[in-house]
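All of the numbers you see were taken from the coordinates with simple rules; none came from a lab. Predicted model only: the values in this text are computed from it and were never measured. Note: ideal-geometry Cβ built from the backbone for every residue, glycine included; neighbour counts use all protein chains shown.
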């Protein structure tokens, strides 16, 4: 009798284990099935291209981009001794230096202003975020006119002030600054919107207790607003960095990399090398440099942001 | 927290000055698009006569309508593709438990470290070799999978009580049905946010459409504007501005309508 029970129990456990395994296999397939479309597309358009870029960077290529001769690290050696690419790196870093602090400071100023509970504040919020809806191409057209040597408003303004006209986009000393100004304008909307969201999530009792203590406006700004906003600020700074390294459209529209390569940022340089000079190998080596820079920036973001921050 | 009167005045002053400065480039362009050419040449702010000639000219001389339609198709297709793929992936990460899920989640995070600009050369070769240059497929397909969208929706799916899922399992409702009839309707707000965001970014895309189109058949309006700017003689600013205004109108309207939602959604997706 007891033997029989044990036998049944054994069978039962065996069957149960089998069913559990089957169940697990089933749920694995189901999970993968839901993720499959994304995984396939990531593989084709993201992971494969990454390895392909690395592969291409070790070869010389013909005009169609097919590999011809294996050259090892020669492409890298070539780009790092090419004055054109070094210039491009320098321009990119300068561009980052101009646009990131510029964007963040102006957006922060606007967000702090627009966070006050005043009548009609919604209109200002909408206006400040509006540049987010303006495409790079359209914004470049707007600025192209403002920068126009004779008709442009900026030079007319200078003329009225009795200052000599500036060749905003044609003077090598000014071109990168002009492109940076227009870029800051383009990025304001998005950065403002994120910072405003961060400001609005700060608990209002912090301000109330500071009010009771009679704290001044700037004291509250320095001691409450900025520290509480730091995760958002950190996120915005990293995203601005990454965006700055990926800039292309405004350079293509406003200056085509000129004058004298003064605005030839790295993505524009990659574009020129790959799709104008048909040097896919050398362009791939440049792309790998860009990839490493962005990878480092993202890693810093994850590390310091403790994975609080997710963004594409 | 009410402000003293003098502070209020300062705030309104700063707000107004900032708004004027920030909106000026767009307002100038808007005003110029209704100006006859001699007004622009003489540097006027307010047109002496109001004219729609620039708009007529830009549609007349340029396949702008075609470009607008292309952009609309491309943006809507990308938006739908992103919504479907992101929501499916987010569903798996929230409601399904299986071996390897954490590894796959890490793979999704890793995709954010690969900038599209760095992988553009092989992507161009792929599209070309598939014969997808000048097709909607080539313009849209690379953008369907999206880590940011997946994270944003995952955040919102997490708000849905787990008990609902357990109850549905007991009632014998399958995952697909649960996803379609319970999860998607409950996450409507986030889906709309992601949709608006996806539409905006696709409409404004520049580098990829520049590479993936070589003629007017599927060319998007951004690249059309680039052409307009480089083809038109520089003294036809009114026509160029009319083109630019047409290009930004759809996204500006969308932004004005969805600004509140977008702000909340982006902050949530970004910071949780």
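Take each residue in B:80-86, count the other chain C-beta atoms within 10 Å of its C-beta, and the mean is 2. The equivalent ellipsoid of the protein assembly as shown has semi-axes of 44, 33, 24 Å, largest first, where each one is the square root of 5 times an eigenvalue of the Cα gyration tensor. Between residue A:303 and residue A:48, the modelled label-to-label distance comes to 3.3 nm, taking each label 7 Å out from Cα in the direction of the beta carbon.
Give the dimensionless ratio obtained when the Cα radius of gyration of the range B:1-152 is divided by 2.2 N^0.38 Å.
Details: Rg = 24.6 Å, N = 152, 2.2 N^0.38 = 14.8 Å.
Cα Rg divided by the expected 2.2 N^0.38 Å: 1.66.
Helix content alone sets the calculated 222 nm mean residue ellipticity of chain B: runs of n ≥ 4 DSSP H residues at -39500 (n - 2.57) each, divided across all residues, give -22500 deg cm²/dmol. The convex hull built on the alpha-carbon positions of the range A:224-312 has an orientation-averaged projected area of 7.3 nm².
The Cα-based radius of gyration of the range B:68-271, divided by its Kirkwood radius, gives an Rg/Rh of 1.04.
For the range A:66-93 and the range A:268-301, what is the centre-to-centre distance using only Cα atoms, to the nearest Å? The range A:66-93 and the range A:268-301 have Cα centres separated by 10 Å.
Normalised by residue count, chain A yields a Cα convex hull volume of 257 Å³ per residue. Ellipsoid fit via the Cα gyration tensor, the range B:76-197: semi-axes of 31, 16, 13 Å, each the root of five times an eigenvalue, largest first.
Only helical runs count toward this figure. For chain A, summing -39,500 (n - 2.57) over DSSP H runs of n ≥ 4 and dividing by all residues gives -23000 deg cm²/dmol at 222 nm.
Residues in the range B:51-67, backbone N under 14 Å from the label point at residue B:231 (7 Å along the Cα-to-beta-carbon vector): list them, ranges by number please. From the range B:51-67, the list is B:57-67.
Projected area of the range B:166-272, taken from the Cα convex hull and averaged over every viewing direction, in nm²?
10.5
All alpha carbon pair distances within the range B:19-107 were sorted into 5 Å bins beginning at 0; the resulting P(r) in whole percents reads 3, 11, 11, 10, 10, 10, 9, 7, 7, 7, 6, 5, 3, 1, 0. Structure remark: mean-square fluctuation, Gaussian network model of chain A, C-alpha springs under 10 Å; the largest value among A:180, A:269, A:27 belongs to A:27.
Our summary gives the range B:68-271 a relative contact order of 35 percent, counting only alpha carbon pairs under 8 angstrom and 6 or more residues apart. The range B:194-237 and the range A:225-241 have their alpha-carbon centroids 32 Å apart.
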